[in-house]
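Structure, as C-alpha cells:
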Amino acid sequence: MKSFLAAALTLVAASGRSETNDYFTIAVVDEQTGRGVPLVELRTVNNVSWWTDSNGIIAFNEPGLMGQEVYFHVGSDGYAYPKDGFGNRGVKLTPIKGAGATIKIKRLNIAERLYRITGEGIYRDSVLVGQAVPLKQPLLNGQVMGQDTVIATPYRGKIYWFWGDTERVSYPLGNFSASGATSELPGRGGLGPSAGVDLTYFVDASGFSKPMCPDFGPGLQWIEGVMTVRGEGGKERLVARVSSQKGLVPAYAWQLAVFNDEKEIFESKMKWNISEGHDSSHPFRARVNGIEYLYLYPNWRVKADLKSLADLGSYEAFTCVAGDGKANGAETQIDRNAGGHARYSWKAGADRLYPGRIRKLISARQLKPEESWIQLRDFQSGASVEAGRGSVCWNDFRQRWVMIVSAEPGEIWFAEADTPVGPWVYARRVVSHDHYNFYNPTQHPFFDQDGGRLIYFEGTYTASFSDAKEKTPHYDYNQIMYRLALDDARLNLPVPVYRVNDVGGKTRYLTREAIERERLWNQIEEVAFFALAPNRGRSGMIPIFEQKEGGGQAVLRDTPPPGQTQPIFFVLPPRTPSAAADSNPPEDQSPDATPLYDYRDAGEHRRMYSTDPNLPDQTLQRSAEPICRVWKNPMRVLALDAEAGPIPLSNQ
C-alpha cells in the first residue's frame, strides 16, 4: 500500500477559501511546473465525470456527495497519476463548500498542455469558483461551440486566425464557409502565449462567427493556408488558398482569395478546377538566390507576389518525377542519377509529391520506400513514422528547420532538418492522446520565446477518425495549445553528417555548422551517417575532431589537434554499454545506433568512413574494429534545399 500512501501525499490542502461558498475547488497541476493542467478527468465510482478547465480547475458541487469521503479516478492523456495497491489511479477527497484541494499529476508528454483556445466554457469552472482568468470572454465567444483546423498569420499589426467548419450554440449546423478572428500580438496589447489567446471574432448580426468565404460556391469552403504579400504601392495584402469541397471528397475547385479589409471577408480572385484532396498548409518564407519565396509546404513553393500566386505554372515542386514533373500513375518515370538513385530537384509546374502520391508511386514500384524525400523514424524504437499534416518553421535556438507533424491519431512528433526539404529523418513523439485524435497541428512562430527555445503549437482535439468511445465535454472539436521546450534533453536528436568532396578531391565529414561556415553545400556527395551536433554533446559521448594528415586528407580523431577546441560532432562509444538499457540515455538506447568503420587504401592517401561493414570497393581496407557508433541513414536520396535561407519574422 506504499504507492497509495505516496499518492495521497501529493494532495495539498488549499491555503484559503474561494470567493464563493457554493463549490469545492479541485485544482490539478503539473508536478513539474505547478501549472494547472486542462483536460484532466476526475470520475467517481458511479462513473460521473468532471473535466478540468484551462486553469486545471474543477468546480465540484454534487449534492449527494458533499461532506463525505469520495473516491475520484484521475486520468488524462499524456499525464499519469500513481497507482495504489489495487492498480487504481485516483484519490480520496472530502468535498466541502468553500474549501479545496490540489492534485499533482506527472506529465509523460514532452510537450506541455496549456489551454483551450476555442469553444464554450474555456474557463467555466474558474469563473464558478471566482478564480482570475486571462480572457475577456472566458465562457462564450462569437457563439462558437467548436472549430476545426486553425490557420494563422500576423497581418497589419495583429494576428489573423481562421478555422474550418464552426459549430454554433443555436443549431447543430453552423458555419461551413470558414470563420475568422483577430488577436493582439504579445507585447503589443495581447496576452503572452503561455497565458492564452484573446480572440475578437468576425461576427454576423446575430453575434455568431460569420462566413469568411461567403461567395465561393456550393459546399464547404476550407482555407488551406494564409500568407501576406505586397500589393500595389507596397501595401500588405492578406491572401488565402481555399479548397471548395462537397464533403470529405476531393475538392471540386481551388481558389486564390484576397482579404477585403473593409468588408472583412475573402474574395475569390482566381479559381482553378482542380480535383485533389484538402491538405492544410502553413506557409513560411525563405530567400532563394535573393528572391523571396512562399513555401506552402516544404516541397512546394512560389515567389512571394500576387502575380506568381495566381499562376499555377509558377509553383515549383521538389520532385524526382522525370520530364515535366507530372505524375502519371504507374506510367510515371523517375529521374535517376548515374548510380540509379532517385534525383530530386525543383521544377516549375510539377505535381507536388504529397504523401498519398508518394505511396502510389511506391505501390506501382516506380519508387522505393527509401527514395521518398521524407523518411521519419522514431528515435526511440527505430520504427518508421508516416508523417501526416503539420508545419515547418525556421528555429533560431536550434539553428535548423523544425517540424511539428501528426502521425497516428492523437500523436504529434518533433523533427528537425538542415534545409526545408530535409534531410527529415529522426523524430521524437512529443504528444500522445490515447484514444482521441489531435490533427492538423501547426506551430506559431510569432509566439516563439527565449530566442526560439520555447515554441507553441496547437491542433484540433476531436473524436473524429479515432477510436474514442465518448466525446469529451467542452473540449471535443476544439483547439488546444501546447508548449515545447527545445532544450529538453529528450529532443537531442541526431543530425546529418555529410560526406563532402573538398578541394583536391579530399573527403571530409561535416555537419551543417561547418558546411554553412565554409560554404560547401554544392560539394556534398551524400549523408554518410547521423551524429549529435557539435553543441549537443554530453557526458559519456565522444567528441570528434577533424585533423589533416599528409597530403591534406581529413581524418576523424577523438582528440583535438593543436589550436582546435570545437568538435565537428559527437558520437557514441564503439561498444553498447552493458548496463540495463533503461539506465542509459535515449541516445544509447536507439536501435539505429550502428558501428562506424574506418576504411583506407594501402598508401593511406584515400580514406572513407562508413556504417557498411563490407564496402564493395576492394581497394579500401576496413579497420578490424569500429571506431565508434553513429546513427544509420535510412535514405537513399539526397534531399537538400541548400539555397533556401530563412527570413526572420521581423523582416516579413
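The values are calculated or read from the model by the stated rules, or taken from the named source; none is laboratory data. Treat the numbers as computed from the prediction; the structure is a model and nothing was measured. Every residue, glycine among them, receives a Cβ derived from its backbone with ideal geometry; neighbour counts consider all protein chains shown. The area values use the complete protein model at the heavy-atom level, side chains included, leaving out ligands, DNA and RNA. Shrake-Rupley method; radii C 1.70, N 1.55, O 1.52, S 1.80 Å.
Could you please find all residues in region 474-510 being under 19 Å from A528 (Cβ atoms) and among the hydrophobic types (A, V, I, L, M, F, W, C)? Within region 474-510, L493, V495, V497, V500, V503, L510 meet the criteria.
Checked against (1) in a loop (DSSP other than H, G, I, E, B); (2) aliphatic (A, V, I, L, M); (3) crowded, with 16+ Cβ neighbours inside 10 Å, V45 meets all criteria but (3).
Across region 215-224, which residue is least open to solvent (accessible area, probe 1.4 Å) among those that are of a type outside the set (D, E) and part of a loop (DSSP other than H, G, I, E, B)? Explain how you work it out, then say what you get.
Kept after step one, since they are of a type outside the set (D, E), are these residues of region 215-224: 216-223.
In the following step, the residues that additionally are part of a loop (DSSP other than H, G, I, E, B) were identified as 216-219.
Numbers: F216: 8, G217: 46, P218: 79, G219: 43 Å².
So, considering only residues that are of a type outside the set (D, E) and part of a loop (DSSP other than H, G, I, E, B), the one least open to solvent (accessible area, probe 1.4 Å) is F216.
Candidates in region 516-549 are the residues that are without any contact (Cβ under 8 Å) to a residue 24 or more places away in the chain and part of a helix (DSSP H, G or I); of these, the one that is surrounded by the fewest Cβ atoms within 10 Å (Cβ to Cβ) is R517.
Restricting attention to region 367-380, does a residue exist that is of a type outside the set (S, T, N, Q) and more than 30 Å from Q589 (Cβ to Cβ)? Walk me through how you get there before you give the answer.
Step one: of region 367-380, the residues of a type outside the set (S, T, N, Q) are 367-371, 373-374, 376-379.
In the following step, the residues that additionally are more than 30 Å from Q589 (Cβ to Cβ) were identified as 367.
For region 367-380, residues of a type outside the set (S, T, N, Q) and more than 30 Å from Q589 (Cβ to Cβ): present.
The single condition among (1) in a strand (DSSP E or B); (2) open to solvent by less than 60 Å² (accessible area, probe 1.4 Å) that R237 does not satisfy is (2). Here region 400-436 is the region considered, the condition is being farther than 14 Å from I110 by Cα, small (G, A, S) and in a strand (DSSP E or B), and the residue that is nearest to the chain's Cα centre (by Cα) is S406. Each residue in region 363-382 was checked for being modelled with pLDDT of 95 or more, open to solvent by 10 Å² or more (accessible area, probe 1.4 Å) and of a type in the set (A, V, I, L, M), and 1 pass.
Of everything in region 191-221, what is over 19 Å from G119 (Cβ atoms) and under 24 Å from the mean Cα position of the chain (by Cα)? Give them in sequence order. Within region 191-221, G192, S194 qualify.
Conditions (1) touching a strand residue (DSSP E or B) at 6+ places or on another chain (Cβ under 8 Å); (2) closer than 26 Å to G390 by Cβ; (3) surrounded by fewer than 17 Cβ atoms within 10 Å (Cβ to Cβ), marked per residue:
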position	(1), (2), (3)
A205	no, no, yes
C213	yes, yes, no
V226	yes, yes, no
R230	yes, no, yes
G247	yes, yes, yes
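Against the condition modelled with pLDDT under 95, under 23 Å from T419 (Cβ atoms) and either among the acidic types (D, E) or open to solvent by 40 Å² or more (accessible area, probe 1.4 Å) (or both), how does R499 come out, does it pass?
On the way: modelled with pLDDT under 95: no; under 23 Å from T419 (Cβ atoms): yes; either among the acidic types (D, E) or open to solvent by 40 Å² or more (accessible area, probe 1.4 Å) (or both): yes.
Here the answer is no, as R499 does not meet what is asked.
Can you pull out the residues in region 372-399 that are within 16 Å of P494 (Cα to Cα), among the polar types (S, T, N, Q) and assigned to a loop (DSSP other than H, G, I, E, B)? Correct list: Q380, S381, Q399. Applying the set (1) out of contact with any Pro (no Cβ under 7 Å at 6 or more places or on another chain); (2) closer than 30 Å to A593 by Cβ to E370 leaves exactly one unmet item: (1). The set of residues from region 320-336 being farther than 18 Å from V421 by Cα, open to solvent by less than 60 Å² (accessible area, probe 1.4 Å) and out of contact with any helix residue (DSSP H, G or I) (no Cβ under 9 Å at 6 or more places or on another chain) comprises just one member, A322.
Please note which strands (runs of 3 or more DSSP E) are completely contained in region 124-177 and include at least 1 residues that are in contact (Cβ under 8 Å) with a residue 24 or more places away in the chain and of a type in the set (D, E).
Details: elements: 144-147, 150-155, 158-163, 166-168.
Answer list for region 124-177: 166-168.
For the structure I just gave you, tell me whether R285 is basic (K, R), touching a residue at least 60 places away in the same chain (Cβ under 8 Å) and assigned to a strand (DSSP E or B). The answer is yes for R285.
From the list A304, A350, the lone residue that is closer than 24 Å to A152 by Cα and open to solvent by less than 30 Å² (accessible area, probe 1.4 Å) is A304.
Yes/no per residue for (1) surrounded by 19 or more Cβ atoms within 10 Å (Cβ to Cβ); (2) more than 26 Å from F530 (Cα to Cα):
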| residue | (1), (2) |
| --- | --- |
| A415 | yes, no |
| V421 | yes, no |
| V425 | yes, no |
| V430 | yes, no |
| H433 | yes, yes |
| N437 | yes, yes |
| P445 | yes, yes |
| D448 | yes, yes |
| R453 | no, no |
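Among the residues that make up region 94-110, is at least one of them assigned to a loop (DSSP other than H, G, I, E, B), open to solvent by 10 Å² or more (accessible area, probe 1.4 Å) and under 30 Å from S209 (Cα atoms)? Among the residues of region 94-110, not one is assigned to a loop (DSSP other than H, G, I, E, B), open to solvent by 10 Å² or more (accessible area, probe 1.4 Å) and under 30 Å from S209 (Cα atoms), which makes the answer no. In the set (1) part of a strand (DSSP E or B); (2) touching a Phe, Trp or Tyr at 6+ places or on another chain (Cβ under 8 Å); (3) open to solvent by 40 Å² or more (accessible area, probe 1.4 Å), the condition left unmet by A59 is number (3).
For F569, indicate whether it is aromatic (F, W, Y) and either within 28 Å of the chain's Cα centre (by Cα) or loosely packed, with under 13 Cβ neighbours inside 10 Å (or both). I'd like the intermediate steps shown before the answer.
Working: aromatic (F, W, Y): yes; either within 28 Å of the chain's Cα centre (by Cα) or loosely packed, with under 13 Cβ neighbours inside 10 Å (or both): yes.
Considered against the rule, which asks whether it is aromatic (F, W, Y) and either within 28 Å of the chain's Cα centre (by Cα) or loosely packed, with under 13 Cβ neighbours inside 10 Å (or both), F569 comes out as yes.
How about region 597-638: which of its residues are of a type in the set (D, E, K, R) and either part of a loop (DSSP other than H, G, I, E, B) or more than 17 Å from Y426 (Cα to Cα) (or both)?
Taking region 597-638 first, the residues of a type in the set (D, E, K, R) are 598, 600-601, 604, 606-607, 612, 617, 622, 625, 629, 632, 636.
Selection gives D598, R600, D601, E604, R606, R607, D612, D617, R622, E625, K632, R636.
Remark: pairs (first residue in region 483-504, over 17 Å from E518 (Cβ atoms); second residue open to solvent by 50 Å² or more (accessible area, probe 1.4 Å); Cβ separation under 6 Å; 6+ apart in sequence or on different chains) = L486/F397; L486/R453; D487/R453. Residues that are aliphatic (A, V, I, L, M) and either in contact with a Ser or Thr (Cβ under 8 Å, 6 or more places away or on another chain) or closer than 14 Å to N299 by Cβ (or both) within region 375-411 comprise L376, A387, V392, M403, I404, V405, listed in sequence order.
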